[in-house]
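Each value in this text was obtained by applying a stated rule to the coordinates, not by laboratory testing. Owing to the predicted nature of the structure, the values given are computational and were not obtained by experimental measurement.
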Amino acid sequence: MNEISVMGILKAIVPITRFNKGEANRIFDEVETTGTKVVMKNNRPACILMSPARYESLMEMLSDYIMQEEAENRMKHFDPIETMSQQEVMESLGITDADLDDVDIEIE
């Protein structure tokens, strides 16, 4: 929902009866052009309709937020004395640089 106003909210509400009347395609077109819709059933929100792109964007934001929270939590408990260098980790796991030569890693 792009605009937060009474009219914006009212335009976003879709009664379930519109689906029962066969207006699903029209509703989906409205979602594509105007954004999020709230489907009401028995005067209560039953579900939210949004474009796949909007959903993906929201899920990415949520994932980023969760990762940021985790990073901040880890930094609160960070103790430099307990850290190990990469070389120490590799030695403790019995991994050599040669073992990693054929490993292809892609970082996003």
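Expressed as a rounded percentage, what relative contact order does the chain have, with Cα pairs under 8 Å and six or more residues apart? Working shown, then result.
Values: 56 pairs, mean separation 17.5, N = 108.
Over the chain, the number comes to 16 percent.
Among all helices in the chain defined by DSSP H, which have a length of 27 Å or more along the axis from Cα atoms plus a Kyte-Doolittle mean of at least -1.0? It would help to have the intermediate numbers written out before the result.
On the way: long enough: 52-76 (36 Å, -0.94).
Sorted by number, the helices that extend far enough and score high enough are 52-76.
Just to be sure I follow the rule: in the chain, considering lysines 8 or more places apart or on different chains, how many pairs have Cα atoms under 24 Å apart? List each step's numbers first, then the result.
Numbers: LYS11/LYS21; LYS11/LYS37; LYS11/LYS41; LYS21/LYS37; LYS21/LYS41.
Step by step, the pairs that qualify in the chain add up to 5.
Of all DSSP beta bridges located in the chain, what percent are antiparallel, nearest 5? Could the numbers behind the result be given before it?
Values: 5 of 8 bridges.
Antiparallel: roughly 60 percent of the beta bridges in the chain.
For the range 21-83, what ratio Rg/Rh do Cα atoms give with a Kirkwood hydrodynamic radius? Let's see the in-between values first.
Numbers: Rg = 19.9 Å, Rh = 15.0 Å.
Reported Rg/Rh, Kirkwood definition of Rh: 1.33.
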